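Asks: One structure, pasted below without further comment.
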Amino acid sequence: MQIKIDSTKENQLLKRTEVGFTIVSGPKEKTPQRLEVKKAVAGELKIGAEVVYVKRMRTKTGTSITQGVANVYQSVAQAKLVEPEYIQKRNNPKEKSAEEANA
């Protein structure tokens, strides 16, 4: 998986940077998971993954090219104020319950 940052736009009002990215996967690879993309964007921008929220990802039909948008906040508190709850849930890993961990 190779990630390329296509565009960045500062949004001073919401205290975030809006990032457009493109991911090129191998021909036999599946579309990358949201958490993998979140870590890849954070690594590319050299910041912590906790302030990165992947908003949207779309894979072009018949190709291994995925384009998406992520929001990078100045702080976690600001992200919790601005991002909708469903986006926050999608971008945070699910905690395994004790039953699932033992199974």
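Every number here is computed from the coordinates shown, using simple stated rules; none is lab data. As the structure is a prediction and not an experimental result, all values here were calculated from the model. Here the Cβ is made from the backbone with ideal geometry for all residues, glycine too, and neighbour counts use every protein chain on show.
Asks: Relative contact order of the stretch 9-103, please, whole-number percent, based on alpha carbon pairs below 8 angstrom and at least 6 residues apart.
Replies: 32 percent
Asks: What is the magnitude of the charge dipole of the stretch 1-102 about its Cα centre, with +1 placed on the Cβ of each Lys and Arg, -1 on the Cβ of each Asp and Glu, and no other charges, expressed in debye to the nearest 20? Please report the intermediate quantities before stating the final value.
Replies: Values: 19 positive and 12 negative charges, 52 e Å.
Its charge dipole is roughly 260 debye.
Asks: What length, rounded to one decimal in nm, is gained on full extension from Ala77 through to Glu36, with 0.36 nm per residue of separation minus their alpha-carbon distance?
Replies: Using 0.36 nm per residue and subtracting the Cα-Cα distance, I get 12.5 nm.
Asks: Just the Cα atoms of the chain: what Rg and Dmax do they give in Å?
Replies: Rg then Dmax for the chain, in Å: 14.8, 47.
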